[in-house]
Amino acid sequence: MKKSFFQFTFLELQELLSSKGLNSSGANLLYNWYYKKKNAYSKEIQDIAKSTLSFINENLSFSLPKVAMVQEANDRTVKFLFELEDGNKVESVLIPFHKKYSICLSSQVGCAMKCSFCFTGKQGLKRNLKAYEIIGQFLAAWHWLKENRPGEERILNIVFMGQGEPLHNFDEVKKACDIFTSQYGTSIGHQKITISTSGYIPGLKRWKDEIPGVNLALSLHSAFDEIRNELIPINQRYPLEEVLEYIDNIPLRYKQFVTYEYLLIKDLNDGERDARALGNLLQNRRALINLIPFNEFPGTQYKRPKEDNILNFKEILDTYSIPTLVRTTKGDDVLAACGQLNTK
Ligand code: SAH
Ligand code: SF4
């Protein structure tokens, strides 16, 4: 099988061309064509040496994930179901804000972490995605926008909050970030990329040296280990205190925060005691709290708290002076909200 063009970082592409005796400047032209201009595949590309083009066309594949299904929510959120070459499916979500978009990408088919509140977790892990399949979600969504919402094909932020635990597929996620941030291509700043993790320490250990500058979001969900153990089983192996120690050691830019995502589940972690414990835990950290009211899905025993409880919870946190947002649920009429992605 041909290797995907989208699997090569800029440097690797230069090396590939050089190793075949071709001019490595072809890498600039190719990155410009496919990433900066985001052209569709074409056999002829201006200014590139014929020998380079014929090598590329014969040896590399340019195919993107196939759009198996698209659902557009009333609020213009778009959920894609993508089919990969081996028939596996993953989902990505375009989240609109003022005719620009953030894209929520998947990093794995399914997930091994088995969080009790997560629809994806119920699937188990099928396999890791390769970098080209992560990049492919972005490019395929971009091409869909260009065709269906012309003039709106602007995807400015990337969040790894789709299916999968990104740090459990570190190498490929890192490579995808490398390609996204390349100045020769899409040139997306590190500060525009956020990786959300359940607290997978082997990945947190590598963060500072290998993906510095990328924003970190921790799925916290409780300041108490007993509750966190129930919600996020890997907390038993990587307890919160250790997770936070690693996070505290990641250098932050001026005005950069770590986002702590806190799922609010009725009668489980939404009480005053929970809010105070959360406030105490984060008040001396460079933290931003994202409260996520639980999104119900078929078969779950958990419930979303009432609106009043959500507001109470936020008010208590405000007394700790920690910036706190309540995440409004987008796209829930098409099950595109967090934790509702399941492709079985
Ligand atoms: N695996 C990573 C990233 C994907 S999950 C992680 O766990 O952080 C992205 C976010 O959606 C996480 O904060 C997760 O806790 C949240 N989430 C999962 N299931 C949810 C649900 N049913 N309702 C609301 N948020 C959910
Ligand atoms: Fe995996 Fe994240 Fe879902 Fe947990 S919440 S099962 S880590 S995708």
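The values are calculated or read from the model by the stated rules, or taken from the named source; none is laboratory data. Note that the structure is predicted; figures quoted are calculated from it, not measured. In this analysis, Cβ positions are derived from the backbone assuming ideal geometry, glycine residues included, and neighbour counts consider all displayed protein chains. Only protein heavy atoms, including side chains, enter the accessible area calculation; ligands, DNA and RNA are left aside. Shrake-Rupley method; radii C 1.70, N 1.55, O 1.52, S 1.80 Å.
The condition (being surrounded by 13 or more Cβ atoms within 10 Å (Cβ to Cβ), in contact (Cβ under 8 Å) with a residue 12 or more places away in the chain and either away from ligand 2 (no atom under 16 Å from the Cβ) or of a type outside the set (Lys, Arg) (or both)) is satisfied by just one residue among Leu264, Leu325: Leu264.
Scanning segment 213-239 for residues that are buried (at least 20 other Cβ atoms within 10 Å of the Cβ) and in a loop (DSSP other than H, G, I, E, B) returns Val214, Leu220, His221, Ser222, Ala223, Ile232. Of Lys89, Lys66, Lys114, all but one fail to be closer than 26 Å to His168 by Cβ and within 16 Å of ligand 1 (Cβ to nearest atom); the exception is Lys114. Put simply, of Asn269, Asn235 the only residue that is touching a residue at least 12 places away in the same chain (Cβ under 8 Å) and in contact with a His (Cβ under 8 Å, 6 or more places away or on another chain) is Asn269. Leu317: at pLDDT 95 or above, touching a Gly at 6+ places or on another chain (Cβ under 6 Å) and more than 16 Å from ligand 2 (Cβ to nearest atom), yes or no? It is true that Leu317 is at pLDDT 95 or above, touching a Gly at 6+ places or on another chain (Cβ under 6 Å) and more than 16 Å from ligand 2 (Cβ to nearest atom). Filter segment 123-144 for residues that are within 16 Å of ligand 2 (Cβ to nearest atom), touching a helix residue (DSSP H, G or I) at 6+ places or on another chain (Cβ under 7 Å) and open to solvent by 40 Å² or more (accessible area, probe 1.4 Å) and give the result. The one that is within 16 Å of ligand 2 (Cβ to nearest atom), touching a helix residue (DSSP H, G or I) at 6+ places or on another chain (Cβ under 7 Å) and open to solvent by 40 Å² or more (accessible area, probe 1.4 Å): Asn128.
Considering only residues in segment 169-212 that are of a type in the set (Phe, Trp, Tyr) and assigned to a helix (DSSP H, G or I), the one that is farthest from ligand 2 (Cβ to nearest atom) turns out to be Phe180.
Summed over segment 13-52, residues that are touching a residue at least 24 places away in the same chain (Cβ under 8 Å), surrounded by fewer than 15 Cβ atoms within 10 Å (Cβ to Cβ) and part of a helix (DSSP H, G or I) total 1. Looking at the structure I just gave you, is Glu147 of a type in the set (Asp, Glu), surrounded by fewer than 19 Cβ atoms within 10 Å (Cβ to Cβ) and farther than 27 Å from Gly213 by Cα? Spelling it out, Glu147 is indeed of a type in the set (Asp, Glu), surrounded by fewer than 19 Cβ atoms within 10 Å (Cβ to Cβ) and farther than 27 Å from Gly213 by Cα. When residues in segment 65-87 are screened for being farther than 22 Å from Thr197 by Cα, touching a helix residue (DSSP H, G or I) at 6+ places or on another chain (Cβ under 9 Å) and not hydrophobic (A, V, I, L, M, F, W, C), 8 of them pass. Being within 14 Å of ligand 1 (Cβ to nearest atom) and open to solvent by 10 Å² or more (accessible area, probe 1.4 Å) is the filter here, so list the residues in segment 170-186 that pass it. Answer for segment 170-186, where residues must be within 14 Å of ligand 1 (Cβ to nearest atom) and open to solvent by 10 Å² or more (accessible area, probe 1.4 Å): just Phe170.
Total residues in segment 118-145 satisfying the condition of being within 13 Å of ligand 1 (Cβ to nearest atom), modelled with pLDDT under 95 and outside any helix (DSSP H, G or I): the figure is 3.
Looking only at segment 86-122, residues that are hydrophobic (A, V, I, L, M, F, W, C) and either more than 11 Å from ligand 2 (Cβ to nearest atom) or under 14 Å from Phe138 (Cα atoms) (or both) come to 9 in all. None of Phe55, Phe82 is touching a Lys or Arg at 6+ places or on another chain (Cβ under 8 Å), surrounded by 15 or more Cβ atoms within 10 Å (Cβ to Cβ) and farther than 25 Å from Lys174 by Cα except Phe55. Return the pair list, or none, for Cβ contacts closer than 8 Å from residues in segment 187-212 that are open to solvent by 10 Å² or more (accessible area, probe 1.4 Å) to residues that are basic (Lys, Arg) and in a loop (DSSP other than H, G, I, E, B), at least 6 apart or on different chains. So the pair list comes out as Gln191/Arg253.
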